[in-house]
């Protein structure tokens, strides 16, 4: 498996198993099967509601000799309700306990949005803290302390665009080492990818298959389904591959990391095999013409009436 290298010599596999939307009861089997199949990168977050089960799967496969802990890259994320510096450490400790590990490989600030402590998803304006009240740089400084203490090996962000990255980099002692964002042929994020390459900042693409199984409340009317795109399917047929494999291979060919989610054994195997699929220059050019600015995870929940956040402000269009 190809990897991305960090300055300290750590190697992160470019293809991992995503766990967003993996239900408790399913995720244990999915993580166990993935590790048995050859995955060495698992992407997690406390807001997904399944980290204890992920941790049990990891613990069991390690104890059974399937994998060594040091060979598995584990990413998790700081939820929006723990942005106050005094809450950052407690949030990490809870994640480490849930995952049954001593050190986290990568810890990401999940969104550039702050919520009051104890808020999972906001239901009222009072659930929010503005970035004037709690600047992202203050949260980041607390995350930097975790690196200095060896509790996490690397830190980064998620759902940050170029302006937010610039501002954070200007204020940081430790520059972000990862940005995890929605990225697929309908949302290729060319400007962000160019900026990331310029600054040696790895990008992880989430929802690489179009997140067809995300909650109904996040879906629009008659939205385009990426897995049914004619160009993607034509390329898949020509390579005797699945549309999902083409989408994963596209992400890897662009030099990005990607974390497709599945709890279905056959799909988990197919997704891993996508690392061996070689797309041609013509394939990449054809896929490159599909961009339409289609964001499947738009973040409307952060921009409810009375919130200090707007979609324009989050994405800074």
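The values are calculated or read from the model by the stated rules, or taken from the named source; none is laboratory data. All values derive from a computational prediction rather than experimental measurement. A quick note on method: Cβ atoms are made from the backbone with ideal geometry, for glycine too, and the neighbour counts reach across all protein chains shown.
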Qualifying residue in region 50-60 (condition: out of contact with any strand residue (DSSP E or B) (no Cβ under 9 Å at 6 or more places or on another chain), crowded, with 19+ Cβ neighbours inside 10 Å and outside any helix (DSSP H, G or I)): yes
Quick one: is residue 282 in a helix (DSSP H, G or I), surrounded by fewer than 14 Cβ atoms within 10 Å (Cβ to Cβ) and either within 20 Å of the chain's Cα centre (by Cα) or without any contact (Cβ under 8 Å) to a residue 40 or more places away in the chain (or both)? yes
All positions within region 192-226 that are at pLDDT below 95, in contact with a helix residue (DSSP H, G or I) (Cβ under 7 Å, 6 or more places away or on another chain) and surrounded by fewer than 20 Cβ atoms within 10 Å (Cβ to Cβ): 212
Matching entry among 314, 268, 287, 232 (being assigned to a helix (DSSP H, G or I) and in contact with a strand residue (DSSP E or B) (Cβ under 9 Å, 6 or more places away or on another chain)): 268
Find all pairs meeting these conditions: Cβ atoms under 7 angstrom apart; at least six residues apart or on different chains; first residue within region 54-69 and closer than 18 Å to residue 19 by Cβ; second residue exposed (fewer than 14 other Cβ atoms within 10 Å of the Cβ). 62/68
Filter region 7-34 for residues that are in a helix (DSSP H, G or I) and under 22 Å from residue 249 (Cβ atoms); which is farthest from the chain's Cα centre (by Cα)? 33
Could you go through region 232-243 and let me know if any residue there is buried (at least 17 other Cβ atoms within 10 Å of the Cβ), within 21 Å of the chain's Cα centre (by Cα), free of Cβ contacts under 8 Å to residues at least 40 places away in the same chain and more than 20 Å from residue 28 (Cα to Cα). yes
